[in-house]
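Here's the structure, in structure tokens; my notes come after.
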Amino acid sequence: MKYALLWRTKMLMTTSILVAGLIIFQSRADDSKTNQAEPPASSAPVTAATSETQPVVETGSLKGRAPINKAKDARPAKEYSGPSIKVEPADPHVTAVWIGSGFPALNPALAPIKRIEQSGYQFRPSLMVVQTGTPVVFPNKDSMYHSVFSYSDAKSFDLGRFRQGEEPDAEVFDKPGHVQLFCEVHEHMRATLIVVDTPWFVSTQPDGSFEISGITPGKYTATIWLSAKKRFEQVIEITAGKTLEVDWTNLVETRHP
């Protein structure tokens, strides 16, 4: 009887220990699942932080047609227009259009570099519009020497003569205005670089069509530039999410000295 009671007591104690062990094991297993379900705090941003974003400003667009300057191109001189040199036609005439003014210049170190090539004994493109602070290079693609110079108020510079494969350092255009480009070797070669203090600008297609997008809503003065002494100005209003369509082909010109 005494040994039977002792055996039962040991069995109860063993059972209690096993039950307690199972409870502890189950508790640890549950904790492990919980930890796996919860990602580390650094693996994803807090919802409140992701909601603190800058509001997106909806912009508008300007689309239309502008007049084209019909002036004749300069003719190449006979001494360098022989059979050994093929002077190709100049680019078709286009018009510069820009919206607003007074915006900060670009940082030349960060601004994309633009190119006006000398190819077929012409400047290409013959008209380019850039924002203030833009660097421009003038590579020579022809077999003869070329030069690039300008005495314009907006930018006066002279790159001298350089041959094919040579590319002088970029010139930074940091003052608004028009820059007339010439080649000292070939007098018929001419181009115009329009420097504007606004991010909204374009060169039209040869038929005068154009489109400018990404414009902040508001009232602006739009400038339509055909030449140094022939341009138009129009007051426009851009609305968010809409495209303003215009036909400026019959505007009365605004002359500038």
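Where a number appears in this text, it was derived from the coordinates with a stated rule and is not lab data. Everything numeric in this text was worked out from a predicted model, so none of it was measured. Here the Cβ positions follow ideal geometry from the backbone for every residue, glycine too, while neighbour counts run over all protein chains shown.
For the pair residue 187 and residue 72, the difference between a 0.36 nm per residue extended length and the Cα-Cα distance amounts to 39.9 nm. Seen from residue 158, the other residues with C-beta closer than 12 Å to its C-beta sum to a net charge of 0, counting Lys and Arg as +1 and Asp and Glu as -1. Taken over the range 60-247, lysine pairs spaced eight or more positions apart, or on distinct chains, with alpha carbons under 23 Å apart number 20. Summing charges over all other residues whose Cβ lies under 12 Å from the Cβ of residue 104, with Lys and Arg as +1 and Asp and Glu as -1, gives -2. Among the GluC sites (Glu not before Pro) in the range 119-194, those located in a DSSP loop and surrounded by at most 15 other Cβ atoms within 10 Å of their own Cβ are 166, 184, 187.
The tail of the calculated P(r) for the range 60-247, taken as Cα-Cα distances beyond 23 Å, holds 45 percent of the pairs.
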